[in-house]
1. Please work out if residue B:102 is within 22 Å of residue B:235 (Cα to Cα), away from every other protein chain (no Cβ under 14 Å) and free of Cβ contacts under 8 Å to residues at least 40 places away in the same chain.
2. Scan the stretch B:198-242 residue by residue and report those that are closer than 27 Å to residue B:12 by Cα and assigned to a loop (DSSP other than H, G, I, E, B).
3. Could you tell me whether the stretch B:250-259 includes any residue that is within 14 Å of chain A (Cβ to nearest Cβ) and more than 17 Å from the chain's Cα centre (by Cα)?
4. Can residue B:54 be described as within 14 Å of chain A (Cβ to nearest Cβ), buried (at least 19 other Cβ atoms within 10 Å of the Cβ) and in contact with a helix residue (DSSP H, G or I) (Cβ under 7 Å, 6 or more places away or on another chain)?
5. I'd like the full set of residues that are over 18 Å from residue B:118 (Cα atoms), in contact with a helix residue (DSSP H, G or I) (Cβ under 7 Å, 6 or more places away or on another chain) and in contact (Cβ under 8 Å) with a residue 12 or more places away in the chain, limited to the stretch B:1-31.
6. Among (1) out of contact with any strand residue (DSSP E or B) (no Cβ under 6 Å at 6 or more places or on another chain); (2) in contact (Cβ under 8 Å) with a residue 40 or more places away in the chain, there is one condition residue B:155 misses while meeting the rest; what is its number?
7. Hey, among the residues in the stretch A:90-121 that are closer than 30 Å to residue B:216 by Cα and without any contact (Cβ under 8 Å) to a residue 12 or more places away in the chain, which one's nearest to the other protein chains (Cβ to nearest Cβ)?
8. Surrounded by 13 or more Cβ atoms within 10 Å (Cβ to Cβ), away from chain A (no Cβ under 14 Å) and part of a loop (DSSP other than H, G, I, E, B) - does that describe any residue in the stretch B:296-308?
């Protein structure tokens, strides 16, 4: 079952419809409700390798629905310390729980000051209302 | 910019919150609840598709049969009134202008149901070759077409079984309908042709009978699982029927446009062949991806029934045998696939 539309307050957002949950120099990344809804049911997640470097505003992986493929953009720079293997095995978890079980990677931040450039939930919802 | 056309069921699709997309100049529903659920509904029970964007051409007159025998690849002498036939409209090079179904209404009266994207091209080609005593008319705007498909579809519609590729005028919930025993999903089912003004009424009755509304997304994954070619992807004016595995729809013993070239390809053996394949590695093949050895993917998607990537593509003849391993360039990554026999998805009861 697809999740209800929501944008948690405690997350920071990127305009390419990605979110980051930042804690202790690390961040968990995923795609927003809006992104998974636009794509439809996900059937494939192509993750980065653990240990790979990700760069803010650049693609670190791909998600695919039946009809379309989309790059996943990193909101922050860092090193991949964990890939969500459960989503590799069952990509529909992103549709069911985009901010919980549907997370994509955990990274160790290399430039925590980049956090300041991310959108608050209010700013992200403002951006969505203008889409 | 050209305005997108809408079928008579546009408001119904909006009311169901369908996701509408441009397709072949039409604004069409790609999905309602979701492609995978719709796909499974057709494999398990019954789905209904609005395919009113497809074109209907009538060819009538004492020389209608003669005209079509010279332009279409399959042999219309094999079908009598009340029967239909899958066939190809071919060009001088043996390429495929369109693939279509010809319905023989009367000895000298045919209905051709053609692809939406080729309606103009097919009509123009027929009109340009018209003979005195054969009248070609584009009647597409007068009709809507609903495909009702799935193992329970015939029972749900209250119809009797009938052989594939037959048709009849019948009453369905008080609406006069042309019931065609044809489809594009590999399941039992019918395609219902009605005057445009009856389309909403028929759609409502079919939904009341339990059919799940399905969009073009599921239509594409369903046809790919059973290896039905899609014109514009797998076949086109630059591909020939023999290489595409459609030799069975070409009567090479009669004369029709491009037959000499098709006979030559058949005799020599095609250099490239259209083959179905299933991914062995993860990843989803897509149209245009390279296959190592000079091939190319022409259709690719995720198969809801196999839960993996599947596709069709042209490969060199020596790579075309079943079980041959292929390597597909999935956005810079080499991923393995294996050539399989048609269809990719085989029904449980088969």
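Only the coordinates and a few stated rules stand behind these numbers; no lab work does. None of the values given here were measured: they were computed from a predicted structure. With ideal geometry, Cβ positions are generated from the backbone for all residues, glycine too; neighbour counts draw on all protein chains shown.
1. Details: within 22 Å of residue B:235 (Cα to Cα): yes; away from every other protein chain (no Cβ under 14 Å): yes; free of Cβ contacts under 8 Å to residues at least 40 places away in the same chain: yes.
The answer is yes for residue B:102.
2. Once the filter is applied, which keeps residues that are closer than 27 Å to residue B:12 by Cα and assigned to a loop (DSSP other than H, G, I, E, B), the stretch B:198-242 yields B:209, B:210, B:211, B:215, B:230.
3. No, that holds for no residue.
4. Details: within 14 Å of chain A (Cβ to nearest Cβ): no; buried (at least 19 other Cβ atoms within 10 Å of the Cβ): yes; in contact with a helix residue (DSSP H, G or I) (Cβ under 7 Å, 6 or more places away or on another chain): yes.
No; evaluated as a whole, the condition is false for this residue.
5. Hits for the stretch B:1-31 are B:8, B:9, B:12, B:29, B:30, B:31.
6. Going through the list (1) out of contact with any strand residue (DSSP E or B) (no Cβ under 6 Å at 6 or more places or on another chain); (2) in contact (Cβ under 8 Å) with a residue 40 or more places away in the chain, residue B:155 breaks only (2).
7. Checked the stretch A:90-121; the qualifying residue nearest to the other protein chains (Cβ to nearest Cβ) is A:90.
8. Looking only at the stretch B:296-308, we keep the residues that are surrounded by 13 or more Cβ atoms within 10 Å (Cβ to Cβ), and these are B:296-306, B:308.
Next cut, away from chain A (no Cβ under 14 Å) only: B:296, B:298.
Adding the requirement that they be part of a loop (DSSP other than H, G, I, E, B) leaves none.
Looking for residues that are surrounded by 13 or more Cβ atoms within 10 Å (Cβ to Cβ), away from chain A (no Cβ under 14 Å) and part of a loop (DSSP other than H, G, I, E, B), one finds none in the stretch B:296-308, hence no.
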